[in-house]
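> One structure follows; several queries about it will come next.
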Amino acid sequence: MQAQEQSTIASFEAIQAPAKLELAPAKPELAPAKPELAPAKPELAPAKPTQAAAPELSIVIPCYNEEAILWGSVTELHQGLTQLGRTFEIIVSENGSKDDTRAIAEKLSRAFEQVRAITSDEPNYGKALRRGIEAARGKYVLCEEIDLCDLHFHVRALEILDADGADMVVGSKAHPQAKDERPMTRRAATMVINGLLRVLLGFRGTDTHGLKAFRRDHLQYTVSKCVVDKDLFASELVIRAQRYDVRVTEIPITIHEKRPPSIHLFKRVPNVLKNLARLVYVIRIANR
């Protein structure tokens, strides 16, 4: 009987012993499961917000006391540019407005991710245009007027730039094929200033003000060399571009202003003459 009990115990121990050995391999089997979680962490990195790529087009619009037309003009331009199928930004360069232009510009920048608003306390068209150009990130920069926003000019100018037909395209309202519907006094003023620029500074063309499109990298140096502001910055930009052998071409535009000028024509004359004299000295005498 005792022998039988010992045999039974031995058999029971024999059965239990392997069971203990079978559990040992089960522990290492859990170890490989931990490293499998590691690759999952790097996958989260692309989900973090990154800086938006530079757009193809930068549209710069100086604005002063334009509360009446700013919202409608920019939203209409935004819609038209969207249909072109190119990436773009619209830079509203407000300068010293006494109405709600600044507030509207900032509201536009919140409403549309492509709109940027930059502001200045000084009413100065030339500085506002220059600051907008310097802030631009696009391959092409288009200088617009809030009362024009001519999408047809954009299309034609970009065709020329894309085909490498020029480095700068000027939309001329004094071109023989242009259609200028402004008041006679405004058209006469354009003729006078263009005549002075040709005689005094050797300007070769029909217009320096208004719409322009250019390759940003080709005009950065030219912009940096400009010395005047207000009404003659745009003229100096074109004249210096010609002097630096930048390829400049003109195309005719149709111009019909949406509202009277925000600054009266005759109030601008003293600043125009002052900056013209300075420009003649710098370019003709100092040769800078």
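The values are calculated or read from the model by the stated rules, or taken from the named source; none is laboratory data. Model, not experiment: these values are computed from the prediction. Cβ atoms come from the backbone with ideal geometry, glycine included; neighbour counts cover every protein chain shown.
> Can you list the helices (runs of 4 or more DSSP H) lying wholly within region 122-202 that have 3 or more residues being within 24 Å of Arg268 (Cα to Cα) and modelled with pLDDT of 95 or more?
In region 122-202, the matching helices (runs of 4 or more DSSP H) lie at 125-135, 184-201.
> In addition: Take the residues in region 269-286 that are aliphatic (A, V, I, L, M) and in contact (Cβ under 8 Å) with a residue 60 or more places away in the chain; name whichever of them is surrounded by the fewest Cβ atoms within 10 Å (Cβ to Cβ).
Looking at the filtered set, the residue picked out is Val280.
> Continuing with the same structure: So is Val246 in a helix (DSSP H, G or I), surrounded by 14 or more Cβ atoms within 10 Å (Cβ to Cβ) and either of a type in the set (Gly, Ala, Ser) or touching a residue at least 12 places away in the same chain (Cβ under 8 Å) (or both) or not? Full working, then the answer.
Numbers: in a helix (DSSP H, G or I): no; surrounded by 14 or more Cβ atoms within 10 Å (Cβ to Cβ): yes; either of a type in the set (Gly, Ala, Ser) or touching a residue at least 12 places away in the same chain (Cβ under 8 Å) (or both): yes.
For Val246, the condition - in a helix (DSSP H, G or I), surrounded by 14 or more Cβ atoms within 10 Å (Cβ to Cβ) and either of a type in the set (Gly, Ala, Ser) or touching a residue at least 12 places away in the same chain (Cβ under 8 Å) (or both) - is not met.
> I'm checking my understanding of the structure. Among residues of region 28-84 that are assigned to a loop (DSSP other than H, G, I, E, B) and loosely packed, with under 10 Cβ neighbours inside 10 Å, which one is modelled with the lowest pLDDT?
By that ranking, first place goes to Lys48.
> Go through region 126-181 and give me each residue that's small (Gly, Ala, Ser) and either farther than 27 Å from Gly72 by Cβ or out of contact with any helix residue (DSSP H, G or I) (no Cβ under 8 Å at 6 or more places or on another chain) (or both). Break it down into steps so the answer makes sense when it comes.
Applying the first criterion (small (Gly, Ala, Ser)) to region 126-181 yields 126, 128, 132, 135-136, 138, 157, 163, 165-166, 171-172, 174, 178.
Across region 126-181, the qualifying residues are Ala128, Gly132, Ala135, Ala157, Ala163, Gly165, Ala166, Ser172, Ala174, Ala178.
> Name the one entry in His209, His218 that is at pLDDT below 95, under 22 Å from the mean Cα position of the chain (by Cα) and either under 27 Å from Ala163 (Cβ atoms) or part of a helix (DSSP H, G or I) (or both).
Just a single option satisfies the conditions, and that option is His209.
> Quick one: how many residues across region 75-108 are in contact with a strand residue (DSSP E or B) (Cβ under 7 Å, 6 or more places away or on another chain) and at positive phi?
1
> In this structure, is Val192 closer than 29 Å to Asn65 by Cβ, aliphatic (A, V, I, L, M) and buried (at least 19 other Cβ atoms within 10 Å of the Cβ)?
Spelling it out, it is not the case that Val192 is closer than 29 Å to Asn65 by Cβ, aliphatic (A, V, I, L, M) and buried (at least 19 other Cβ atoms within 10 Å of the Cβ).
> Restricting attention to region 249-259, which residues are at pLDDT 95 or above and either under 12 Å from Ile133 (Cα atoms) or surrounded by 18 or more Cβ atoms within 10 Å (Cβ to Cβ) (or both)?
Residues satisfying the conditions are Glu250, Ile251, Pro252, Ile253.
> What is the one condition in (1) of a type outside the set (Phe, Trp, Tyr); (2) over 27 Å from Lys139 (Cα atoms); (3) buried (at least 19 other Cβ atoms within 10 Å of the Cβ) that Arg198 does not satisfy?
It fails just one condition, (3).
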